[in-house]
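Colleague: Input: one structure, supplied below.
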Amino acid sequence: MSGKIRKTSGRGRLFDSVLDTIGDTPVIRINNLAPDNVTIYVKAEAFNPGASVKDRLAVNIIEAAEREGKLKPGQTVVEATSGNTGIGLAMVCAAKGYPLVITMADSFSVERRRLMRMLGAKVVLTPRAQKGLGMYNKAVELAEKHGWFLAHQFETPANADIHEATTAREIIGDFDGEKLDYFVSGYGTGGTVSGVGRVLRKERPETKIILTEPANAALVGSGTAQQRGPDGAPAASHPAFEPHPIQGWTPDFIPLVLQEALDKKYYDELIPIPGPEGIAWAKKLAQKEGILTGISGGSTFAVSMKIAEKAAPGSVILCMLPDTGERYLSTPLFEGIPEDMDDEEREIMKSTPGYHME
Ligand code: PMP
């Protein structure tokens, strides 16, 4: 209980652009779900302006291309994305005046498509049967045919570089003088774990990095190498892939950006997690901590809880939460969350005489 009213005093600056508000997301302690004697913190990427970790990569892909002269003023940008990169790119392209075309399998949540269109992007759907590789190949086709700039989130050095320059620096700064025993992350492109891994290995070598992936799409765990083309892009769907509910994680290939973390051993343990467990923990984070996160955040937290159960007393764990739960209203995350009143709510309604619904 706090005896005084909370006060705030502004951020101490005026912002020139929404893009300057990307990053510096808060690390928040878990107070009700963590076991005794272990501290879990979450890094809440929903605090980014586009509400996900991918805002970081989006702004750097565009600004790296501007710096290198690969993107001309007014040139169209094209990318294949399961959603958050598309929303981030749509925000960046809107702010900077580039047209954007997104290719996306029709299996991803409809709120993602509508958000991108709201931000002014064009969204071209591809058949879900052709998986991640289908939407990727469509983006390549479009870029070649029309001379558009392909963002290449799965291969570009701009991806892990921005996590090295921002996400990792924030973690180092926020944990200055504090214990940090475990860092837990899944992967989509692998940008987060490769970029953070570079820095933690050098500056916090005692921190164990825990990598996770869907139990039914354990590509890294399978030990089977990814077939690649000359530019590092996937040449075939990975044989261990199966469709899974953890949107934003594990496409049907091992991305080149993630390959760095695998080759340089930026993880100490690989713990697979079934999607339904991630969904259950995302609900608990919402209902017991007041923290809204998506299925990947719930899944990363599920793994953090497994680590917490076996960790030495006094251990400190940092769990990445890549986006917000609001992005999942039409998905299994919100199944069982009804629109209409349940029995308990009807009882509350009937407990006073006025304003009854039928
Ligand atoms: N969770 C969600 C919801 C995402 O959209 C992504 C990015 N695709 C990730 C996790 C993984 O991040 P990264 O691409 O940096 O591995």
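Colleague: So how many Lys-Lys pairs in region 223-336 land under 24 Å Cα to Cα, not counting same-chain pairs under 8 apart? Mind dumping the intermediate values first?
Modeller: Numbers: 265/306; 265/310; 283/306; 283/310; 284/306; 284/310; 288/306; 288/310.
Close lysine pairs found across region 223-336: 8.
Colleague: May I ask you to give the percent of accessible area on region 54-150 that is carbon plus sulfur, with a probe radius of 1.4 Å?
Modeller: Working: 2220 of 4150 Å².
So the carbon and sulfur contribution to the accessible surface is 53 percent.
Colleague: Count charges around residue 314 for me, please; just the other residues with Cβ under 13 Å from its Cβ, Lys/Arg as +1, Asp/Glu as -1. Can you show the working numbers first?
Modeller: Details: positive: 179; negative: 36, 178, 181.
Cβ neighbours under 13 Å give a net charge of -2.
Colleague: Using a 1.4 angstrom probe with every protein chain in place, what is the largest-first accessible-area order of 356, 152? Mind dumping the intermediate values first?
Modeller: Working: 356 90, 152 55 Å².
The ordering from most to least exposed comes out as 356, 152.
Colleague: Further question: Give, rounded to the nearest 20 debye, the magnitude of the charge dipole that region 21-73 has about its Cα centre when Lys and Arg contribute +1 at Cβ and Asp and Glu contribute -1 at Cβ.
Modeller: Numbers: 7 positive and 7 negative charges, 29 e Å.
Charge dipole of region 21-73: 140 debye, to the nearest 20.
Colleague: I want to check the label-to-label distance for residue 178 and residue 13. Put each point 7 Å from Cα in the C-beta direction and report it in nm to one decimal.
Modeller: The answer from the label model is 2.2 nm.
Colleague: Give me the number: length gained by fully extending residue 264 to residue 68, i.e. 0.36 nm times residue separation minus the C-alpha to C-alpha distance, one decimal in nm.
Modeller: Numbers: separation 196, 0.36 × 196 = 70.56 nm, distance 2.71 nm.
Extending this stretch completely gives an extra 67.8 nm.
Colleague: For residue 145, list the lysines whose Cα falls under 19 Å from its own Cα; do not include residues on the same chain fewer than 8 positions away.
Modeller: Output for residue 145: 70, 72, 122.
Colleague: Still on this structure: Quote the charge dipole size of the chain about the Cα centre in Debye, to the nearest 20; the model charges only the Cβ of Lys and Arg (+1) and of Asp and Glu (-1). Please report the intermediate quantities before stating the final value.
Modeller: On the way: 40 positive and 46 negative charges, 147 e Å.
Using only the charged Cβ atoms, the result is roughly 700 debye.
Colleague: Could I ask something else about it? For residue 161, what is the net charge nearby, where nearby means another residue's Cβ is under 14 Å from its Cβ and Lys, Arg count +1, Asp, Glu -1?
Modeller: On the way: positive: 56, 67, 169, 198; negative: 63, 68, 155, 164, 260.
That works out to -1.
Colleague: At 1.4 Å probe radius, can you tell me the per residue accessible area of the chain in Å²? Spell out each step's value before the answer.
Modeller: Numbers: 17270 Å² over 358 residues.
It amounts to 48 Å² per residue over the chain.
Colleague: Below 8 Å between Cα atoms, with a sequence gap of 6+, how large is the relative contact order for the chain in percent?
Modeller: Values: 675 pairs, mean separation 67.9, N = 358.
Relative contact order of the chain: 19 percent.
Colleague: Also, quick follow-up: Given the options 38, 92, 303, state which has the largest fluctuation in a GNM of the chain using a 10 Å cut-off (strictly under) for Cα springs.
Modeller: Most flexible of the set in this elastic network: 38.
Colleague: Give the calculated FRET efficiency between residue 31 and residue 309 to the nearest 0.05, with a Förster radius of 25 Å applied to their Cβ-Cβ distance.
Modeller: 0.90
Colleague: Check cross-link reach from residue 208 to the aspartates and glutamates: straight Cα distance under 20 Å, and skip same-chain residues fewer than eight apart.
Modeller: Within the straight-line cut-off, residue 208 pairs with 164, 170, 174, 176, 178, 181, 260, 263, 268, 269, 309.
Colleague: Please state the relative contact order of region 37-131 as a whole percent: Cα pairs under 8 Å, 6+ residues apart? Let's see the in-between values first.
Modeller: Numbers: 124 pairs, mean separation 22.4, N = 95.
Value for region 37-131: 24 percent.
Colleague: Using a simple spin-label model with points 7 Å from Cα along the Cα→Cβ vector, what separation in nm is obtained for residue 280 and residue 114?
Modeller: A separation of 3.1 nm, rounded to one decimal place.
Colleague: Further, regarding this structure: Excluding residue 201 itself, calculate the net charge of residues whose Cβ lies under 9 Å from the Cβ of residue 201, where each Lys or Arg counts +1 and each Asp or Glu counts -1. Don't skip to the end; give the middle numbers.
Modeller: Values: positive: 198, 202, 204, 264, 265; negative: 203.
Local net charge: +4.
Colleague: Express in whole angstrom the spacing between the alpha-carbon centres of region 176-219 and region 221-274.
Modeller: Using only Cα atoms to place each centre, the spacing works out to 15 Å.
The values are calculated or read from the model by the stated rules, or taken from the named source; none is laboratory data. Given the structure is predicted, the values throughout are model-derived calculations rather than measurements. Every residue, glycine as well, gets a Cβ built from its backbone with ideal geometry; the counts of neighbours run over all protein chains shown. Remember, those area values only see protein heavy atoms, side chains included, never the ligands or the DNA or RNA. Shrake-Rupley method; radii C 1.70, N 1.55, O 1.52, S 1.80 Å.
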